[in-house]
Ligand code: SF4
Ligand code: SF4
């Protein structure tokens, strides 16, 4: 863990600001997608309707997406994220509350923290959008053990999804978004 910012105080005020932030993509991994489908009883078509595919427009990944794998679709390479309404709200936000809180994606569980694995070490920091979070700086001191546990789970998910994306981008012939979601939902690695 990063020793430079060990002392941080945080308590989520449930303000919902991170769910309303237009520029924060709620990217999803394979496990996030399976959890969503199982938790809401969604078919693959219904899962697709809850997602947006953000096409990759340049060689250089946008800030904040450097560690997120893009996947090939019929429209080009894209990042997968939960759909947002025109005003920037996540589609699962209602009256400032998350309607899928127990099964929310890893990025939602992590915010305002971000994690990265470097060789055998895990480092953590604060989101580039940390200034929107009123919970930072209040509440109890964040325990490193809790952060470490969350980081390990989130990074394992991401690592699995990266492997999947690599295989998909290299092998799959029928690279449509519909086929991609079917493949994710039937992949036993994401159900574990
Ligand atoms: S912006 Fe911060 S305090 Fe508000 S809901 Fe998100 S994590 Fe919680
Ligand atoms: S899934 Fe829930 S926690 Fe995540 S952005 Fe949407 S409303 Fe917020």
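The values are calculated or read from the model by the stated rules, or taken from the named source; none is laboratory data. These numbers come from a predicted model, not from an experiment. Cβ coordinates were reconstructed from backbone atoms using ideal geometry, including for glycine residues, and neighbour counts include every protein chain displayed.
Taken over the range 131-143, the criterion of being touching a residue at least 12 places away in the same chain (Cβ under 8 Å) and surrounded by fewer than 16 Cβ atoms within 10 Å (Cβ to Cβ) is satisfied by 134, 137, 138, 139, 140, 141. Residues in the range 114-133 that are within 16 Å of ligand 2 (Cβ to nearest atom) and either part of a strand (DSSP E or B) or in contact with a helix residue (DSSP H, G or I) (Cβ under 7 Å, 6 or more places away or on another chain) (or both): 3 in all. The residues of the range 75-90 that are assigned to a loop (DSSP other than H, G, I, E, B), closer than 22 Å to residue 168 by Cβ and modelled with pLDDT of 95 or more amount to a single one, 83. Within the range 25-39, can one find any residue that is more than 20 Å from residue 176 (Cβ to Cβ) and away from ligand 2 (no atom under 12 Å from the Cβ)? Yes, the range 25-39 has at least one match.
Residue 65 meets all of the listed conditions (1) modelled with pLDDT of 95 or more; (2) in a loop (DSSP other than H, G, I, E, B) but one, namely (1).
For the range 176-191, residues that are surrounded by fewer than 17 Cβ atoms within 10 Å (Cβ to Cβ) and outside any helix (DSSP H, G or I) total 2.
Scan the range 1-54 residue by residue and report those that are more than 26 Å from residue 184 (Cβ to Cβ), at pLDDT 95 or above and in a helix (DSSP H, G or I). 17, 20, listed by residue number. Answer yes if at least one residue in the range 91-112 is assigned to a helix (DSSP H, G or I) and over 14 Å from the mean Cα position of the chain (by Cα), and no otherwise. Yes: one or more hits.
In the range 157-172, how many are in contact with a helix residue (DSSP H, G or I) (Cβ under 9 Å, 6 or more places away or on another chain) and either loosely packed, with under 15 Cβ neighbours inside 10 Å or farther than 17 Å from residue 30 by Cα (or both)? Matching residues across the range 157-172 total 2.
To keep it simple, each residue is scored yes or no on (1) exposed (fewer than 15 other Cβ atoms within 10 Å of the Cβ); (2) within 16 Å of ligand 1 (Cβ to nearest atom); (3) closer than 21 Å to residue 116 by Cβ.
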residue	(1), (2), (3)
9	yes, yes, no
25	no, yes, yes
39	yes, no, no
63	yes, no, yes
66	yes, no, yes
73	no, no, no
81	no, no, yes
